[in-house]
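J.: Before I ask anything, here is the structure I am working with.
The values are calculated or read from the model by the stated rules, or taken from the named source; none is laboratory data. As the structure is a computational prediction, the values presented were derived from the model and not from experiment. No Cβ is skipped: glycine too gets one built from the backbone with ideal geometry, and neighbour counts run over all protein chains shown. Side chains included, ligands, DNA and RNA excluded: accessible areas come from the protein's heavy atoms. Shrake-Rupley method; radii C 1.70, N 1.55, O 1.52, S 1.80 Å.
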Amino acid sequence: MFRYFETLVDPYEPYEATDRPPRKLLPFMLSYARPFRKVFWMAAALAVIIAAVEVGLIYYMGRVVDLLGSGEPDQVWSTHWLELVLAAGFILLIRPVIQMLGVLTLNNAILPNFGTLVRWRAHRQVMRQSVGWFENDFAGRISNRIMQTPMSAGEAVFQVFDAITFALSYLIGAAILLWDADVRLLLPLVIWFGLYALLVRWTMQRVGPASKAASDARSKVTGRVVDSYTNIHSVKLFAHHDSELDYAREAIEEARETFAKEMRLYTIMDVALVILNGLLIIGVVGWAILLWRNGAATVGVVAAATALTLRLNAMTGWIMWALSTFFRSLGVVAEGMETIAQPIELTDAADAEPLALTEGEIRFETVSHHYGRGAGGLDHVSLTVKAGEKIGLIGRSGAGKSTLVKLLLRFYDTEGGEILIDGQDVTKVTQESLRRAIGMVQQDSSLLHRSVRENILYGRPDASEEAMIAAAKRAEAHEFILDLQDPEGRRGYDAHVGERGVKLSGGQRQRVALARVILKDAPILVLDEATSALDSEVEAAIQHTLYGMMEGKTVIAIAHRLSTIAQLDRIVVLDDGKIVEEGTHSGLLAMNGLYARFWNRQSGGFIGTEQAAE
């Protein structure tokens, strides 16, 4: 039975992702609710039926009071025993079944699956964003919104069916019951409901914004705290323990203040609610007693009216809290939408085909990119890397080297010009196929918080164990991997490397990253300071491996250590976003230009890239 309801909706069912998600709250929620339409209708219908049964029970209890006063006990029993037995059977058998169906629909069909669907689709949407999009926000804040939004969306849906639908149905049923008993009893209920609606409106107008402000503040706390944890080495290295605490405390205090303002609303609401409910009890019960005194109502009517108002008195606080929770949850969802509903700007073209890589020639044709600032980056760069050619790319920091590589990988789109691989514009092929064709080792190669095996196999998941180990050996990583052990007791290739690979040294992390790229064996190879984290002895061994990796591939190698690129086919010198020199190592030295000055200035094989060349 549980399994039936739990599988009514598949949260992972296929759907067509959109590059322009709804930016307004209701369309946003409805887009996620679409697979649940039938289940939602069922939940609403059951909520109405349950409310009708509850009101009906109160009405029937009033009838029982009148029956008990209509004659002698034996006479009443002999006349109405069948009715009373059937009523008891309904209460014991049918009512629990209806309640059970309602609970199963809400707790087992909707709640687990709706939150899962929102979380899965939100994560899938965010993962489609570009690298540049992620670079403009805190990872902690993004993940916080991905985690908070599904829970709040599920809570909002829960309140719709558990409280709001039930309460409206119950209120309508109560009005019908009082109308049937005596239409005059309806007047205090109507007056109370009008005042209650005004209180709800006043509260909800303020709860939504207050909740969103509190949610924003909580996300800010998460972002700052995660930022400190992620960069704990820098925090400790620069002795900024106290300043980081102050940085976090500022956000924590802001979160406390926004939450305190939100809670003031609930205090005002609770006090006003107690006063309103007192007016409801006195109005309905007092009027019913007056009607009874004048002979216009039976004792059963007074009993039913009393039970009904006491039930409404108990429900109003719950309903108000449910409405507050509903709007507070919508406020959290609205805050999450600021991340989840952002449009996907860097997308595959509608007619994009997989990259058909035949030779591996790369052409940059008058490429410009300034990150939207009008300065920095690249400025009208034209460069052809022939198939199988190995070029070195050097220049001061900020000269545009990394920008060139990011544009090649299409982490950003160019602001001008185009990039072609074997004559195919990189913006016209699928991003997945483009990046599969390029292997890259970065200067700061972060690893996934998984096992060494999983990290290396990230390069080619279908590779055999033998191929994976062979790649590790070529990267001079196999020996140290066998000696690894994590706090959980996992050893060797099963040992986990920690967040971003922090449990490994810089050189070990670099060699695992290098093994991953060796295993990938892509036809285009990009090396961004690939050996910068290695000591001289290991670098000498790796250098041989790197040259072996380059065989038959088109290579772009960024380096500050000129000895690592001196043997390449061609060296390209970038300065201020432009190509200022290119040629072989010996040819550039003979030119006695910027490259020659870098070479003459280097100490231990490094160029003074942070210093201005005279």
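J.: Taking the condition of being of a type in the set (S, T, N, Q) and in contact with a helix residue (DSSP H, G or I) (Cβ under 7 Å, 6 or more places away or on another chain), how many residues in segment 85-129 meet it?
T.: The number of residues fulfilling the criteria is 4.
J.: Related question: Which of the residues belonging to segment 547-597 are part of a helix (DSSP H, G or I), polar (S, T, N, Q) and open to solvent by less than 30 Å² (accessible area, probe 1.4 Å)?
T.: Thr564
J.: Collect the residues in segment 201-235 that are more than 30 Å from Glu499 (Cβ to Cβ), surrounded by fewer than 20 Cβ atoms within 10 Å (Cβ to Cβ) and not small (Gly, Ala, Ser), keeping them in residue-number order.
T.: Matches in segment 201-235: Arg201, Trp202, Met204, Gln205, Arg206, Pro209.
J.: Are there strands (runs of 3 or more DSSP E) fully within segment 378-436 with at least 1 residues that are surrounded by 19 or more Cβ atoms within 10 Å (Cβ to Cβ), without any contact (Cβ under 8 Å) to a residue 60 or more places away in the chain and touching a Phe, Trp or Tyr at 6+ places or on another chain (Cβ under 7 Å)? List them.
T.: 416-421
J.: Ala47 fails exactly one of the following numbered conditions: (1) touching an Asp or Glu at 6+ places or on another chain (Cβ under 9 Å); (2) surrounded by fewer than 16 Cβ atoms within 10 Å (Cβ to Cβ). What is the number of that condition?
T.: Condition (2) is where Ala47 drops out.
J.: Restricting to segment 170-210, and then to whatever is closer than 14 Å to Arg311 by Cα and not aliphatic (A, V, I, L, M), can you tell me which residue is modelled with the lowest pLDDT?
T.: The residue in question is Tyr170.
J.: Which residue out of Val118, Val9 is in a loop (DSSP other than H, G, I, E, B) and touching a Pro at 6+ places or on another chain (Cβ under 6 Å)?
T.: From the options Val118, Val9, the qualifying one is Val9.
J.: Out of the residues in segment 123-159 that are over 30 Å from Val103 (Cα atoms) and acidic (Asp, Glu), state the one that is least open to solvent (accessible area, probe 1.4 Å).
T.: Asp137
J.: Could you please give the count of residues in segment 395-425 that are among the β-branched types (Val, Ile, Thr), closer than 15 Å to Val526 by Cβ and touching a His at 6+ places or on another chain (Cβ under 7 Å)?
T.: Number of matching residues: 1.
J.: Read through the list (1) assigned to a strand (DSSP E or B); (2) of a type in the set (A, V, I, L, M); (3) under 41 Å from the mean Cα position of the chain (by Cα); (4) modelled with pLDDT of 90 or more, then give the number of the only condition that Ile518 fails.
T.: (1)
J.: Would you check which residues across segment 227-268 are farther than 24 Å from Leu323 by Cβ, of a type in the set (Val, Ile, Thr) and in contact with a helix residue (DSSP H, G or I) (Cβ under 7 Å, 6 or more places away or on another chain) and list them?
T.: Val235, Ile252
J.: With Ile275, Ile319 as the choices, which residue is loosely packed, with under 13 Cβ neighbours inside 10 Å and either within 38 Å of the chain's Cα centre (by Cα) or of a type outside the set (Phe, Trp, Tyr) (or both)?
T.: Result of the check over Ile275, Ile319: Ile275.
J.: Right, another one. Can you tell me which residue within segment 211-261, out of those that are among the charged types (D, E, K, R) and closer than 15 Å to Arg328 by Cβ, is modelled with the highest pLDDT?
T.: By that ranking, first place goes to Lys261.
J.: Then there is this: Considering only segment 236-272, state which residues are closer than 23 Å to Ser211 by Cβ, open to solvent by less than 90 Å² (accessible area, probe 1.4 Å) and of a type in the set (Phe, Trp, Tyr).
T.: Scanning segment 236-272 gives a single hit, Tyr266.
J.: Restricting to segment 322-344, name every residue that is open to solvent by less than 30 Å² (accessible area, probe 1.4 Å) and in contact with a Gly (Cβ under 6 Å, 6 or more places away or on another chain).
T.: Selection gives Gly331 alone.
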